[in-house]
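Structure first, then comments.
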Amino acid sequence: MSETIIYTENLTKQYGAFKAVDNISFSVAKGEIFGFLGANGAGKTTAMKMLTGLLTPTSGKATVAGFNVFKQAEKIKRNIGYMSQKFSLYEDLTVVENIRFYAGIYGLTNHQIKVKTSELIDKLHLEAVKNTLIGSLPLGWKQKLAFSVAILHDPKIVFLDEPTGGVDPITRRQFWNLIYEAASSGITVFVTTHYMDEAEYCDRISMMVDGKIAALDTPELLKKQFETDSMHDVFVKLARP
Amino acid sequence: MSSAILTVGVEKNFGDTNALKAIDLEVKSGELFGLIGPDGAGKTTLIRILATLLLPDSGTAEVLGKEVVQDYQLLRKKIGYMPGKFSLYKDLSVEENLSLFAAIHNTTIEQNYHLIKDIYAQIEPFKKRKAGALSGGMKQKLALSCAMIHEPEILFLDEPTTGVDAVSRNEFWDMLKKLKGRGITILVSTPYMDEAELCDRVALMQKGEILAVDTPQQVVANFGKELFAVKSKNKFGLIKDLEAYEYTNTVHAFGSYLHYTDNRSSIKKDDIVKYLREKGHEEVEIKSILPEIEDCFMALMEDNE
């Protein structure tokens with residue numbers, strides 16, 4: 001059995017009488033690409049906030065990268081990567097300045113920053129635009145860079161909140177190649193998406209409905225279980241039973 | 001059939017960015033027409049020009065036979081517009097927002113209730129709730145009701161389904177089909193390629209240009225290459241190995257399969273299977289398939305570059 005990176009047991013977040021997240025229990029292994037799906041309002045964002053140390057749960061247990069979400073939220077924040085469609089890079093800093101800035105925040109040494117910067121520029125073919133302001137780059141480039149910056153400090157896990165929203169179909173696929181690469185190097189990937197074809201790129205998927213995890217399995221087995229060959233149908237059957 | 005929208009050479013620049021490059025587009029009266037493309041394609045800029053909210057740098061645009069720059073006052077009475085970002089008053093209630101829109105257009109909710117009944121009835125139980133406290137799906141229904149309350153002849157919907165889950169998206173498209181049934185012209189933009197199939201015709205857009213305008217069926221028919229779906233046990237390895245194959249034209253991941261086109265005129269599936277087995281792939285599966293809109297979009301993007 002490989003290392004467990006996320007572990008939750010009856011994790012719950014309650015607002016008054018409303019259980020936004022209702023007793024969810026699951027675990028995610030090292031190097032796994034874990035798809036976190038659900039309808040709008042199902043509780044995905046609340047669950048993600050708890051797992052990233054931004055929100056204290058009401059009850060239950062959870063550890064992320066070996067740290068307790070109740071007591072070690074600050075440690076979690078320092079040991080994970082995070083990117084979303086909305087929050088990624090500073091538009092009025094250049095490519096290199098953004099890399100330096102995030103590397104600095106994550107506590108990398110000057111030498112490490114130098115090495116990582118040139119590695120990244122090379123890998124993403126950004127040499128020609130390295131001194132260009134991020135704001136003027138195409139969205140797809142930004143998102144690929146934002147992902148690479150989110151794993152600059154070699155975290156055990158990276159959380160991706162709708163990372164490919166609005167990205168063109170070719171760049172979207174290049175983005176997933178980066179995800180595969182990160183996962184094969186041992187980084188666990190926790191990702192949300194509204195693209196059902198992307199759900200199939202995950203090793204396992206959980207589907208949240210009304211605060212609970214209504215299904216959790218590999219895409220293959222979920223399709224088998226719901227007797228369909230499309231993840232879209234699985235989603236529809238679960239979200240509107 | 002008459003044109004509901006007619007643009008000739010419409011251009012718009014923002015600084016050095018060519019948001020729209022000489023757009024020629026015709027949308028017929030009564031059509032459900034889709035602008036399909038990723039962020040940065042120019043969808044919002046085009047919609048804002050057509051909705052009389054933004055001046056084009058050059059070119060002409062007519063909506064319902066009226067020129068968008070000169071006749072903007074006239075046009076605003078006849079068009080409904082739902083912006084991409086939720087733009088209603090968050091601290092007014094559902095009912096107050098709708099009343100305000102009705103009043104601006106010299107009508108009342110009661111007078112035009114029949115127009116929005118199907119949609120508004122779903123959120124009416126919450127009519128005293130502040131708009132800011134609604135769920136995403138409910139906000140969308142309220143915004144559509146507000147865009148409809150003055151009986152517009154044409155609706156501009158800017159990415160109404162972005163960030164919306166697959167189920168709510170289906171429901172939204174059902175609403176659009178009903179509206180279309182009443183003869184209203186609808187121009188809707190979306191980054192989701194699969195939604196193209198729900199439109200009468202679509203314009204596929206990328207970086208300020210229109211790559212193709214056609215019915216979704218014809219877009220697919222124009223793909224013009226044999227397309228295969230390929231699968232094996234090791235998906236990531238399969239991408240790498242197929243990309244390295246000497247006859248490969250394109251390889252794109254599609255759900256649990258890869259979509260593959262070849263640069264030979266006649267393709268033998270067995271050859272591909274043999275090559276992949278030699279590369280150590282197990283459980284290799286290959287089948288001929290029809291392209292989806294997304295296949296076509298990527299092919300057009302690649303041709304364009």
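Projecting the Cα positions of B:M301, B:V273, B:S256 onto the charge dipole of the stretch B:227-304 (unit charges on Cβ atoms of Lys, Arg, Asp and Glu, taken about the Cα centre) puts B:V273 furthest along the positive direction. The mean count of C-beta atoms from other chains within 10 Å of the C-beta of residues in B:232-238, rounded to a whole number, is 2. For B:E31, the residues whose amide H sits under 5 Å from its own are B:I186, ignoring neighbours fewer than 5 places away on the same chain, with H placed 1.01 Å from N. Rounded to whole numbers, the Karplus 3J(HN,Hα) couplings from phi for the stretch A:46-58 are 4, 4, 5, 4, 5, 6, 9, x, 9, 9, 7, x, 7 Hz, using 6.51 cos²θ - 1.76 cosθ + 1.60 with θ = phi - 60°, and x at Gly and Pro. Once a ≥ b ≥ c are taken as the square roots of the eigenvalues of the Cα gyration tensor of the stretch B:3-214, is the result rounded (a/c under 1.5), prolate (a/b larger than b/c) or oblate (a/b not larger than b/c)? Prolate is the answer for the stretch B:3-214, as a/c is 1.5 or above and a/b outweighs b/c. Computed per residue of chain B from DSSP H runs no shorter than four, each worth -39500 (n - 2.57), the mean residue ellipticity at 222 nm is -9500 deg cm²/dmol. The mean count of C-beta atoms from other chains within 10 Å of the C-beta of residues in A:34-47, rounded to a whole number, is 2. From least to most packed, judged by other beta carbons within 10 angstrom and beginning with the fewest, A:K49, A:K123 follow the order A:K123, A:K49.
A quarter of the convex hull surface defined by the alpha-carbon atoms of the stretch A:199-241 gives 2.7 nm² as the mean projection. Going by the alpha-carbon gyration tensor, a ≥ b ≥ c the square roots of its eigenvalues, is the stretch B:1-90 rounded (a/c under 1.5) or, if a/c is not under 1.5, prolate (a/b greater than b/c) versus oblate? Verdict is rounded for the stretch B:1-90. Pick from B:P125, B:P191, B:P152 the residue whose mean-square fluctuation is largest in a GNM of chain B, springs joining Cα atoms under 10 Å. Per the Cα network of chain B with a 10 Å cutoff, B:P125 tops the list.
Charge tally for A:R78 (other residues, Cβ to Cβ under 15 Å; Lys, Arg +1; Asp, Glu -1): +2. Measuring how big the stretch B:227-304 is from its alpha-carbon positions, Rg and Dmax come out at 11.9, 36 Å. Of all the options A:S59, A:S148, A:S206, the one that moves most in a Gaussian network model of chain A with Cα springs shorter than 10 angstrom is A:S59.
Taking B:G40, B:G181, B:G15 as the candidate residues, the one with maximal mean-square fluctuation in a Gaussian network model of chain B, Cα springs under 10 Å, is B:G15.
Taking amide H as placed 1.01 Å from N in the peptide plane, the amide H of A:T94 sits under 5 Å from that of A:I134, each at least 5 places away or on another chain. Dipole size of chain A about its Cα centre, with +1 on Lys/Arg Cβ and -1 on Asp/Glu Cβ: approximately 720 debye, rounded to the nearest 20. A simple spin-label model places the labels of A:L54 and B:M175 2.7 nm from each other, with each point 7 Å out along Cα-to-Cβ. Straight-line cross-link reach from A:K130 at under 21 Å between alpha-carbon atoms covers these lysines, not counting any fewer than eight positions away in the same chain: A:K114, A:K116, A:K142, A:K144. Put a dot 7 Å past the Cα of B:S29, heading toward its Cβ, do the same for B:T248, and the two dots end up 5.2 nm apart. Computed FRET efficiency, Cβ-Cβ of B:N106 and B:N13, R0 41 Å: what is it to the nearest 0.05? With R0 = 41 Å, the Cβ-Cβ based efficiency is 0.65. Summarising the label geometry, the points placed 7 Å from Cα in the beta-carbon direction at B:I289 and B:Y72 lie 4.6 nm from one another.
Partners of A:K77 within straight-line reach, counting aspartates and glutamates whose Cα lies under 14 Å from its Cα and excluding those fewer than 8 residues away in the same chain: A:D154. Computed across the protein assembly as shown, the Kirkwood hydrodynamic radius from all distinct Cα-Cα pairs reaches 25.3 Å.
When DSSP assigns beta bridges and you keep just the ones with both residues in chain A, what percent turn out antiparallel, to the nearest 5? DSSP beta bridges in chain A are roughly 55 percent antiparallel. Using the Cβ-Cβ distance between B:K85 and A:F101 with R0 set to 30 Å, the FRET efficiency works out to roughly 0.60. Other residues with beta-carbon under 15 Å from the beta-carbon of B:L142 carry, at +1 per Lys or Arg and -1 per Asp or Glu, a net charge of +3.
At full extension, B:N304 and B:Q122 could sit 61.1 nm farther apart than now, given 0.36 nm per residue minus the alpha carbon distance. Beta bridges per DSSP, both residues in the protein assembly as shown: antiparallel share near 60 percent. Net charge of the neighbourhood of B:K43, taken over other residues with C-beta under 10 Å away and scored Lys/Arg +1, Asp/Glu -1, is -2. Centroid-to-centroid, using Cα positions, the stretch A:27-87 and the stretch B:2-36 are 43 Å apart. Taken over the stretch A:37-184, the percentage of Cα pairs per 10 Å bin, counting from 0 up to the bin with the maximum distance, is 11, 37, 35, 15, 2, 0. Dipole size of the stretch B:3-214 about its Cα centre, with +1 on Lys/Arg Cβ and -1 on Asp/Glu Cβ: approximately 660 debye, rounded to the nearest 20. By the helix-only formula, in which each DSSP H run with n ≥ 4 contributes -39500 (n - 2.57) and the sum is divided by residues, chain A has a 222 nm mean residue ellipticity of -10500 deg cm²/dmol.
In degrees, nearest 10, range 0 to 90: what is the angle between the Cα axis of helix A:139-150 and the longest Cα principal axis of chain A? So the inclination is approximately 80 degrees.
Here, each number is a calculation from the coordinates, and none is a lab measurement. The shown structure was predicted, so the numbers you read here are calculated from the model rather than taken from an experiment. So basically every Cβ, Gly included, is an ideal-geometry build from the backbone, and we count neighbours across all protein chains shown.
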